[in-house]
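This report refers to the structure that appears directly beneath it.
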Amino acid sequence: MLIIGPPGSGKGTQAERISAKLGIVAISTGDIFRANVKGETPLGVEAKKFMDNGDFVPDSVTNRMVRDRLAQDDVAAGFLLDGYPRTTAQVDELDDILGAANAKLDVVVQLTADDEELVTRLLGRARETGRSDDTETVIRHRLDLYREQTEVVVSRYAERGILAKVDGLGDMDEVTVRILDAINNS
Ligand code: B4P
């Protein structure tokens, strides 16, 4: 399954909870990039240039990383991708990877929240963790990119009839329940 949503909608937060409940591995492209930035690997050095400005890491880099990750054994029982795909080129890549493995997506959860709530949450996280891409200007740029490039990704999955739209506003526990209900009803 996939969890898609604008920055701050609760993707990472909910991905951890849902994957634990379902007993499947959660894979966050953002977390993998941040771990590489911290470790100063070549991938991290490349990714940092884009992440600090709130831009997407280029598809060629991101797709290769996801292809490698999905080749590992722990995804055999199922997986939850958090933050990927974010562009139509990434949708095509994921289709190709899954097609070759004779696998298919069961459900794509889209988390929604209004922009002012998203900015408030991310500025709150900036105070707590100091994430370099959580300044107001960069947050607003990430929101614009979501509208320009990721909403069309959501539409592609809606056309396939596997999209479950979930309200991301309110208490985190309530949102978890809503997502589990949406999965059960999909
Ligand atoms: P991500 O790590 O995916 O960052 P994000 O969009 O901000 O989401 P995140 O999961 O961290 O936050 P969440 O909504 O859970 O990506 C970071 C960067 O990596 C991107 O900008 C890009 O540069 C790069 N990248 C990643 N994937 C890529 C791809 N596929 N292609 C290209 N580039 C890629 O939570 C945010 C905050 O809200 C938290 O503080 C949380 O505590 C809070 N929160 C969550 N739920 C809440 C609730 N119900 N109520 C109140 N607060 C809540």
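The values are calculated or read from the model by the stated rules, or taken from the named source; none is laboratory data. Just so it is clear, the structure is predicted and the values come from calculations on it, not from any experiment. Neighbour counts run over all protein chains shown; Cβ positions are idealised from the backbone, glycine included. For accessibility, only protein heavy atoms count, side chains too; no ligands or nucleic acids. Shrake-Rupley method; radii C 1.70, N 1.55, O 1.52, S 1.80 Å.
Here A35, A20, A76 are screened, and the one residue that is under 20 Å from E93 (Cα atoms) and of a type in the set (A, V, I, L, M) is A76. Here the condition is being β-branched (V, I, T), crowded, with 18+ Cβ neighbours inside 10 Å and either in a helix (DSSP H, G or I) or within 12 Å of the ligand (Cβ to nearest atom) (or both); of T150, T137, it holds for T150 alone. Scanning the range 70-90 for residues that are crowded, with 18+ Cβ neighbours inside 10 Å and part of a helix (DSSP H, G or I) yields a single hit, Q90. Scanning the range 9-20 for residues that are within 9 Å of the ligand (Cβ to nearest atom) and open to solvent by less than 20 Å² (accessible area, probe 1.4 Å) yields a total of 4. Evaluating S155 against the criteria (1) near the ligand (Cβ under 10 Å from one of its atoms); (2) free of Cβ contacts under 8 Å to residues at least 24 places away in the same chain; (3) open to solvent by 30 Å² or more (accessible area, probe 1.4 Å) leaves one unmet condition, (1). Can F56 be described as within 8 Å of the ligand (Cβ to nearest atom) and in contact with a Phe, Trp or Tyr (Cβ under 7 Å, 6 or more places away or on another chain)? Yes, satisfied. K104 meets the conditions (1) surrounded by fewer than 11 Cβ atoms within 10 Å (Cβ to Cβ); (2) in contact with a helix residue (DSSP H, G or I) (Cβ under 7 Å, 6 or more places away or on another chain); (3) part of a helix (DSSP H, G or I) in every case but one. The failed one is (3). Is there a residue in the range 21-28 that is open to solvent by 40 Å² or more (accessible area, probe 1.4 Å), on the phi < 0 side of the Ramachandran plot, outside any helix (DSSP H, G or I) and not aromatic (F, W, Y)? Yes, that holds for at least one residue.
Taking each residue of the range 166-186 that is without any contact (Cβ under 8 Å) to a residue 40 or more places away in the chain and looking for partners that are part of a helix (DSSP H, G or I) with beta-carbon atoms closer than 9 Å, six or more apart or interchain, yields G170/R178; D173/R17.
Going by the structure shown, is A126 under 19 Å from A26 (Cβ atoms) and either free of Cβ contacts under 8 Å to residues at least 12 places away in the same chain or open to solvent by 80 Å² or more (accessible area, probe 1.4 Å) (or both)? When the stated conditions are applied, A126 does not pass them. Looking at D114, D106, D167, D74, which one is of a type in the set (D, E, K, R) and within 16 Å of L2 (Cβ to Cβ)? Only one candidate passes the filter, namely D106.
Within the range 48-76, residues that are farther than 19 Å from Q149 by Cα have Cβ atoms under 8 Å from residues that are part of a loop (DSSP other than H, G, I, E, B) and of a type in the set (A, V, I, L, M) in these pairs: L70/A101, counting only partners at least 6 apart in sequence or on another chain.
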